[in-house]
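To keep things clear, I will list the structure first and then write my remarks on it.
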Amino acid sequence: MKQKITYRNYQPSDFSDLVQVIIDSWQYDKKYSKQVAQHFASIFLSYELSRATYSQVAVMGQQVVGVILAVTRKTAKLYSFQYGLKTIFHGYHLFLSREGRQLIRHVVKETAGVNQEMLSELNISFQTEVGLFAVSPKTQGTGIGKQLFSGFQAYINQIGAAPYYLYTDTSCNFGFYDHLGMKRAKAKKHVVQAPYRQELDLFIYTSPAND
């Protein structure tokens, strides 16, 4: 029987499900040790929650299987400082291992630096950033990703918070954004040296021209 899918705002009880969605979506469990994967996904989620002004999750049955978080200049932050503290907590534990320190230095800091360079080169006054968009690979073909993103786009249009942008790369299903009609506004190659070597194309996608 087809399970019911509902969409609603994020709730604190969704946290553990969404950590797993992030691990599965980016295959952290195949790239890193179990503990590092958990802390890394928790940092990603906590950081984006700490600055989010828009949230929406997808629930299939009793399980949260997708999320979109965004930051817009038009509205206030949604959540308390607790997620900033969670970011620090998981960052501390990540820093305790050599693998975790390499991950922070080579994956987080270096990639963030390249992303910031691309954003500066665009020289566009964006109103909104999509900080996190992830859907469980187990739900592929259900239309959850499209529904989450369509809801976000409708909200942005309603409050007049375009143009918007997001970062992505070749470790993700970036073709999804092409299908949505978004513009691939910037691209750069980047080689991550550790914890293991990987070659990535980093992208900035921006809202469609008619938004």
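The values are calculated or read from the model by the stated rules, or taken from the named source; none is laboratory data. Please read all numbers here as calculations on a predicted model, not as lab measurements. We place every Cβ from the backbone using ideal geometry, glycine too, and count neighbours over all the protein chains shown. The accessibility values were calculated without ligands, DNA or RNA, using every heavy atom of the protein model including side chains. Shrake-Rupley method; radii C 1.70, N 1.55, O 1.52, S 1.80 Å.
Points worth noting:
- Restricting region 156-211 to residues that are of a type in the set (Val, Ile, Thr) and within 27 Å of residue 99 (Cα to Cα), the residue that is surrounded by the most Cβ atoms within 10 Å (Cβ to Cβ): 168
- Test set (1) more than 16 Å from residue 168 (Cβ to Cβ); (2) modelled with pLDDT under 95 - residue 65 fails condition number: (2)
- Residue list for region 16-31, filter: surrounded by 14 or more Cβ atoms within 10 Å (Cβ to Cβ) and either out of contact with any helix residue (DSSP H, G or I) (no Cβ under 7 Å at 6 or more places or on another chain) or more than 19 Å from residue 86 (Cβ to Cβ) (or both): 17, 20, 21, 24, 25, 26, 29, 31
- Any chance residue 43 is open to solvent by less than 50 Å² (accessible area, probe 1.4 Å), assigned to a helix (DSSP H, G or I) and either in contact with a Lys or Arg (Cβ under 9 Å, 6 or more places away or on another chain) or free of Cβ contacts under 8 Å to residues at least 24 places away in the same chain (or both): yes
- Given (1) touching a Phe, Trp or Tyr at 6+ places or on another chain (Cβ under 9 Å); (2) among the hydrophobic types (A, V, I, L, M, F, W, C); (3) under 18 Å from residue 112 (Cα atoms), number of the condition residue 156 does not satisfy: (3)
- Region 178-198 residues that are touching a residue at least 12 places away in the same chain (Cβ under 8 Å) and within 25 Å of residue 149 (Cα to Cα), paired with ones that are among the hydroxyl-bearing types (Ser, Thr, Tyr) and open to solvent by less than 30 Å² (accessible area, probe 1.4 Å) (beta carbon under 7 Å, 6 or more apart): 182/205; 182/206; 182/207; 183/205; 183/206; 184/205; 185/205; 185/206
- Count of region 86-103 residues which are within 19 Å of the chain's Cα centre (by Cα) and surrounded by fewer than 16 Cβ atoms within 10 Å (Cβ to Cβ): 1
- Residue within region 145-154 that is basic (Lys, Arg), under 20 Å from residue 122 (Cβ atoms) and open to solvent by 40 Å² or more (accessible area, probe 1.4 Å) present: no
- Positions within region 159-211 being among the basic types (Lys, Arg) and either in a strand (DSSP E or B) or in contact with a helix residue (DSSP H, G or I) (Cβ under 6 Å, 6 or more places away or on another chain) (or both), in sequence order: 183, 184, 186, 188, 189
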